[in-house]
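Asks: Have a look at the structure that comes next, please.
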Amino acid sequence: MKALMVILAVYSLCNAAYGQADHTLVGPLELKSNIYPGTTRNYWVYIPKQYTPTQPACLLVVQDGLSRATGWNMLHTLDSLIAAGSVPVTIGVFVDPGIVASSREGAFPRFNRSLEYDALGDQYATFLDKELLPEIQKAYNINPDPDSHSIAGASSGAICAFNVAWERPDLFRRVLSTIGTYVGLRGGDEFATLVRKTEAKPIRVFLEDGNNDLNIYAGDWWTANQGMLSALTYAGYEVNHSWGAGGHDSKHAATIMTEALTWLWKDYPQKVTTHKGVKPRIDLLIDGEEWHEVNGLSHPVKRISVDKNGNILFVDQQQVFQVDEQLKAHILTTPPVDLIAPGSSVLYGVLQKSRKLIAIDDSGKASVLANQVDADDLCATAMGLYISDKKNHRIGYYDFSQKTIRYYKVDFIPGAMTVTAEKTFLMVATNDSPFGYSFRINTDGGIQDGQPFVHYHIPYGSLHAGLGGVDVDQHNVLFSATQLGIQVADQLGRVNFIFSKAAQQVTDVKIAGDRLFMIGDGRLFVRKVTTKGIRSFGEPVTPPKPQL
């Protein structure tokens with residue numbers, strides 16, 4: 001801190017000597033990272049003359065360091081806009097990508113720019129949150145409100161800036177993207193699709209590009225940026241753009257920097273918002289309805305189910321809890337149980353240690369249905385009970401009339417299950433692939449003709465979607481808890497929509513009436529939606545004909 005203040009004083013004197021009194025520039029300062037092991041990088045800090053430590057300032061983070069900010073004429077543009085009141089008092093942080101020094105003298109270091117900037121996922125956002133910004137916050141009074149934070153970059157730095165806000169809108173909500181690399185270097189070509197499908201986030205975006213930008217093996221920058229504009233507009237974002245005739249450089253961006261920054265900060269300190277975009281094929285959202293945590297639950301929630309009365313049930317430490325219509329939790333009088341599945345008249349459960357499949361009646365009395373049962377999920381129907389067995393890579397079917405279990409070997413690790421609205425197909429989540437499987441249910445309850453039917457979006461760097469619970473609604477639409485959020489697939493197995501996450505780790509989803517429930521980080525969340533849930537053990541429901 002003391003060294004930083006000395007540097008600040010030196011740069012203040014230098015700036016004053018050269019007549020540059022509208023800001024102070026501190027740096028280069030060096031930062032080492034553990035999130036990107038072995039990397040070091042330089043960064044610079046811009047302090048406008050209007051900044052006073054007693055007043056929290058806004059924040060601007062620019063990728064590619066001082067060279068990018070200089071190429072954009074960012075420092076003097078900020079001076080003018082802050083003086084005019086068009087941009088609030090803002091601390092600028094211009095940060096280079098990391099390098100890893102070689103162990104051999106004279107050899108090139110490992111350049112981390114593409115790894116940090118072109119990659120999707122939250123690693124770079126975590127680096128800013130946990131390593132860079134704490135250093136800035138030690139020295140400067142930064143407003144903690146994410147609406148007060150902006151982030152900018154060009155080329156790979158542009159997709160990096162957008163990705164940070166996309167992953168962490170709780171950190172940054174204003175994005176400046178010039179000649180953005182939304183192409184297939186490290187999966188960025190999927191961004192436009194994810195923007196279209198995912199519930200809009202509170203992010204404001206300004207895009208810039210020229211029609212002579214790069215067109216190489218990874219894609220066409222010009223068409224990719226237009227695709228991002230179309231996707232952002234479709235999804236309902238606050239988005240603006242400036243197209244030119246330039247190439248892959250900062251010339252055009254420098255000429256529109258005043259326009260871009262003024263628009264990004266318009267109406268500040270009002271919040272960045274989204275609006276309704278193009279009406280989607282599967283329209284589930286209700287205006288003003290967002291995720292709300294179900295408070296007052298003193299127990300972590302892992303898996304949930306819905307009983308015949310529309311109440312949410314969950315198990316904690318072998319005790320069954322019921323969340324009623326008023327979202328109040330009560331303990332049900334039942335024997336100890338590890339896993340449950342409501343039926344039309346009884347509650348089915350599994351004691352995993354003793355490997356017993358049981359049925360519990362309304363009085364709480366349990367009867368053993370089968371022994372030597374390995375179960376990780378249950379799905380009750382009117383005719384029988386489906387059992388997923390991860391350990392043995394198989395799906396079991398307990399036939400209520402025959403009182404026996406038939407097993408079906410599968411070539412994947414089966415997870416959560418549900419049946420379709422017409423009770424004609426069994427939908428099975430997987431724990432080792434990007435697909436969800438569909439099996440035809442025969443008249444005797446057995447299953448056959450399994451196919452990898454649902455294609456999920458998977459997180460960057462993952463081999464599977466991280467599937468948790470699944471459920472279907474009255475229209476035969478499949479809701480699946482995944483690492484990216486609740487992915488919603490139509491009757492043809494295509495993901496149309498992704499609900500935003502209320503927490504980091506989403507593990508289950510169920511629909512009770514017109515309320516959608518989600519488990520995130522062991523907490524229960526709820527929101528109203530336009531559809532209604534159905535029960536796997538209920539009467540068949542005929543959905544609309546699929547749109548091919």
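Asks: By per-residue mean of other Cβ atoms within 10 Å, what is the highest-first order of 453-463, 518-528?
Replies: 518-528, 453-463
Asks: A further question follows. Where does the charge balance sit around S344 when Lys and Arg score +1, Asp and Glu -1, over other residues with C-beta under 9 Å from its C-beta?
Replies: That works out to +2.
Asks: Can you pull the semi-axes for segment 292-528, root of five times each eigenvalue of the Cα gyration tensor, sorted largest first, whole Å?
Replies: 24, 23, 16
Asks: Just want to confirm a number: the relative contact order over segment 292-528, from Cα pairs under 8 angstrom separated by 6+ residues, in percent.
Replies: 13 percent
Asks: What whole-number value in cubic angstrom gives the convex hull volume per residue for the C-alpha atoms of segment 29-264?
Replies: Measuring per residue, one finds 121 Å³ for the Cα hull of segment 29-264.
Asks: Another question about this same structure. For a quick check: sort T198, T233, T52 by the number of other beta carbons within 10 angstrom, fewest at the front.
Replies: Placing the least packed residue first, the sequence is T52, T233, T198.
Asks: Separate question: Using r as the Cβ-Cβ distance of Q448 and H330, and R0 as 45 Å, what FRET efficiency do you calculate, to the nearest 0.05?
Replies: 0.65
Asks: Along its principal axes, what span do the Cα atoms of segment 196-242 show, with the longest given first and each in whole Å?
Replies: 32, 22, 13
Asks: So what is the 222 nm mean residue ellipticity for the chain from helices alone, if each DSSP H run of at least 4 adds -39500 (n - 2.57) and you divide by all residues, rounding to the nearest 500 deg cm²/dmol?
Replies: -5000 deg cm²/dmol
Asks: If you don't mind, another one. Would you mind ranking C160, C58 so that the residue whose beta carbon has the fewest other beta carbons within 10 Å leads the list?
Replies: If I rank by nearby Cβ atoms, fewest first, I get C58, C160.
Asks: To continue, here is another question. Taking neighbour counts of Cβ atoms within 10 Å as a proxy for exposure, in what order, fewest first, do E167, E539, E290 appear?
Replies: E539, E290, E167
Asks: Quick one: net charge of N311's neighbours, Cβ under 13 Å, K/R +1, D/E -1?
Replies: Neighbour charge sum, excluding N311 itself: +2.
Asks: Quick one: of K391/K528; K130/K501; K49/K251, which pairs are farther than 32 Å apart, Cα to Cα?
Replies: K391/K528
Asks: Moving on. Starting from 0.36 nm per residue, how many nanometres of slack lie between W291 and S344 once their C-alpha separation is accounted for?
Replies: Gain on stretching W291 to S344: 16.2 nm.
Asks: Aspartates and glutamates near K271 by alpha-carbon distance under 14 Å, same-chain residues fewer than 8 away left out - which ones?
Replies: D145, D147, D170, E238
Asks: With a point put 7 Å past each Cα toward its Cβ, work out how far K353 is from K532 in nm, to one decimal.
Replies: Placing both labels 7 Å beyond Cα along the Cβ direction yields 4.3 nm.
Asks: Take the Cβ-Cβ distance between D374 and W243 as r, set R0 to 56 Å, and report the resulting FRET efficiency rounded to the nearest 0.05.
Replies: Rounded to the nearest 0.05, the efficiency is 0.40.
Asks: Calculated FRET efficiency, N34 and D362, Cβ-Cβ r, R0 56 Å, to nearest 0.05?
Replies: E between N34 and D362, to the nearest 0.05, is 0.50.
Asks: What's the long-distance tail for the chain, i.e. % of Cα pairs beyond 33 Å?
Replies: For the chain, the fraction of Cα-Cα distances above 33 Å is 49 percent.
Asks: Sticking with this one: Want the number for S230 to Q317: 0.36 nm per residue separation, take away the alpha-carbon distance, what's left?
Replies: Result for the pair: 26.4 nm of gain on full extension.
Asks: Counting only DSSP beta bridges with both residues in the chain, what percent are antiparallel, rounded to the nearest 5?
Replies: Among the beta bridges of the chain, antiparallel pairing accounts for roughly 75 percent.
Asks: Further question on the same structure: Rounded, prolate or oblate: pick one for segment 441-546, where a ≥ b ≥ c are the square roots of the eigenvalues of its C-alpha gyration tensor, a/c under 1.5 means rounded, and failing that, prolate if a/b is larger than b/c, else oblate.
Replies: Because a/c hits 1.5 or more and a/b fails to exceed b/c, segment 441-546 counts as oblate.
Asks: Compute the distance from the alpha-carbon center of segment 292-367 to that of segment 192-262, in whole Å.
Replies: Centre-to-centre (Cα) distance: 49 Å.
Asks: Still on this structure, please answer the following. Below 8 Å, C-alpha to C-alpha, sequence gap of six or more: please give me the relative contact order for the chain in percent.
Replies: The normalised contact order for the chain reaches 9 percent.
Asks: To make sure I understand the rule: partners must be lysines, Cα under 17 Å from the Cα of K279, and not fewer than 8 residues away in the same chain. Which ones qualify?
Replies: Output for K279: K197, K201.
Asks: While we're on this one: For K423, which lysines qualify as cross-link partners when the Cα separation must be under 20 Å and same-chain residues fewer than eight apart are set aside?
Replies: K308, K510, K532, K545
Asks: Separate question: Within segment 116-135, what residues put their amide N at less than 15 Å from the label point 7 Å along the Cα-to-Cβ vector of V100?
Replies: Only 116-117 pass the distance filter.
Asks: Given 0.36 nm per residue, what is the gain on full extension from T223 to F111 after removing their alpha carbon distance, in nm?
Replies: 37.5 nm
Quick note: the coordinates plus some simple rules give every number you see, no bench work behind them. Bear in mind the structure is a predicted one, so any value in this text is a computation, not a measurement. All Cβ positions, glycine included, derive from the backbone under ideal geometry; neighbour counts span all protein chains shown.
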